[in-house]
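Working notes, beginning with the structure itself.
The values are calculated or read from the model by the stated rules, or taken from the named source; none is laboratory data. What you are looking at is a predicted structure, and each value in this text was computed from that prediction instead of being measured. Cβ atoms come from the backbone with ideal geometry, glycine included; neighbour counts cover every protein chain shown. Calculation scope for accessible area: heavy atoms of the full protein, side chains included, ligands and nucleic acids excluded. Shrake-Rupley method; radii C 1.70, N 1.55, O 1.52, S 1.80 Å.
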Amino acid sequence: MRTETYEVLPSGLAAQVAALEAQAWPGSSPGHDPALAPRAVLLLDADGRVAASLALLHKPVRLADGRTYRAAGLSGVVTRADVRGRGYGGRLVAAARALLAADPGVDLALFSCDRELVPFYEAAGFEVLPGTVLVGGTPADPLATDAPGLDKTVLGAFPARAADDEGRADRVRAAFTGIRVPLYPGAIDRLW
């Protein structure tokens, strides 16, 4: 197995990812809003087939205090049905977290998941942000992670790339804990 990252997926890999996403989320549309600078992260098997995939989406997020942070989120995390339960999804999510931690253009990773998936993401190094709600969609048609029927949990990671960054990571964590985050990624990626 090998992990690869793409800004633009080759057509054969894009078709495989679209098929995986269609199986996991019937009726969904493949792809992500180009305004979110999507990067595909894939785990490929020995035959070059997609075993697991996810997208990293990027967006500046401005908080009520006027500060803007460079956020990235995980989206479309999926593992091929015939290889589930082998740790490939966890391996891919951990690789994505490492990519984000090494990216100087990312202040934090922030995303939501179904409550039952929290241990999976915690095992890859993400942490629950108590009381934090992501508000996606558009200002005219918002979608919040605490909307009835969604039952989502917000998770994050706060990279400290050097010893002196540790205090900054703690400040970013504090800024994003227990608040409503105006994500508003749009109509294509309503939440990431």
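A few points about this structure:
- Conditions (1) over 19 Å from residue 33 (Cβ atoms); (2) touching a residue at least 24 places away in the same chain (Cβ under 8 Å): number failed by residue 112: (1)
- Of the criteria (1) among the hydrophobic types (A, V, I, L, M, F, W, C); (2) under 20 Å from residue 3 (Cβ atoms); (3) open to solvent by 20 Å² or more (accessible area, probe 1.4 Å), which one residue 124 fails: (3)
- In the range 1-40, the residues that are buried (at least 20 other Cβ atoms within 10 Å of the Cβ), among the hydrophobic types (A, V, I, L, M, F, W, C) and farther than 14 Å from residue 80 by Cα: 9, 36, 40
- Cβ-Cβ under 9 Å pairs, at least 6 apart or on other chains, the range 171-192 side among the hydroxyl-bearing types (Ser, Thr, Tyr), far side surrounded by fewer than 16 Cβ atoms within 10 Å (Cβ to Cβ) and not in a strand (DSSP E or B): 177/130; 177/131; 184/138; 184/139
- Members of the range 85-131 found to be under 19 Å from residue 159 (Cβ atoms), at pLDDT 95 or above, over 14 Å from the mean Cα position of the chain (by Cα) and in a helix (DSSP H, G or I), listed by number: 123
- Taken over the range 132-170, the criterion of being assigned to a loop (DSSP other than H, G, I, E, B), open to solvent by less than 30 Å² (accessible area, probe 1.4 Å) and of a type in the set (Gly, Ala, Ser) is satisfied by 147 alone.
- When the range 41-83 is filtered for residues that are within 16 Å of the chain's Cα centre (by Cα), open to solvent by 20 Å² or more (accessible area, probe 1.4 Å) and farther than 24 Å from residue 181 by Cβ, only 79 remains.
- The set of residues in the range 47-84 that are of a type in the set (A, V, I, L, M, F, W, C), out of contact with any Phe, Trp or Tyr (no Cβ under 6 Å at 6 or more places or on another chain) and not in a helix (DSSP H, G or I) comprises 50, 54, 55, 56, 63, 64, 71, 72, 77, 78.
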